[in-house]
Amino acid sequence: MFGFLKADPVKKLRRIYDQKSTDAMLAQRKGDIKSYSMLTAEAEGLWKEIETLEAAKKSSNDTTKNC
């Protein structure tokens with residue numbers, strides 16, 4: 001009933017992903033390759049989580065439409 005009040009976890013993860021990607025780009029520009037690779041790895045992990053959540057959301061929407 002009050003689903004509109006719940007925070008969207010995908011939106012939050014996308015915001016964190018965008019920040020990590022930006023930080024990685026800035027680290028690369030500064031020449032800090034170690035930080036760049038660590039931040040990029042974290043961002044890739046977040047992206048996998050985002051894809052998993054979106055797939056779960058899509059499959060749950062598909063099953064509710066079929067009922």
At pLDDT below 95, of a type outside the set (A, V, I, L, M), open to solvent by 60 Å² or more (accessible area, probe 1.4 Å) and part of a helix (DSSP H, G or I): which single residue out of E44, E54 fits that description? E54
Please work out which residue is modelled with the lowest pLDDT, limiting yourself to the stretch 1-13 and to residues that are among the charged types (D, E, K, R) and closer than 13 Å to K57 by Cβ. K6
In the stretch 15-39, which residue that is touching a residue at least 24 places away in the same chain (Cβ under 8 Å) and surrounded by 16 or more Cβ atoms within 10 Å (Cβ to Cβ) is nearest to the chain's Cα centre (by Cα)? Y17
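Say we look at the stretch 57-67 and pick out the residues that are assigned to a helix (DSSP H, G or I) and open to solvent by 100 Å² or more (accessible area, probe 1.4 Å); which of these is modelled with the highest pLDDT?
Going through the stretch 57-67, the residues assigned to a helix (DSSP H, G or I) turn out to be 57-66.
With open to solvent by 100 Å² or more (accessible area, probe 1.4 Å) added as a condition, the list becomes 58, 65-66.
Numbers: K58: 88, K65: 69, N66: 65.
Ranking the candidates gives K58 first.
The values are calculated or read from the model by the stated rules, or taken from the named source; none is laboratory data. Predicted, not measured: the structure shown is a model, and the values here were computed from it. FYI the Cβ positions are ideal-geometry reconstructions off the backbone, even for glycines, and counts take in every protein chain you see. Only protein heavy atoms, including side chains, enter the accessible area calculation; ligands, DNA and RNA are left aside. Shrake-Rupley method; radii C 1.70, N 1.55, O 1.52, S 1.80 Å.
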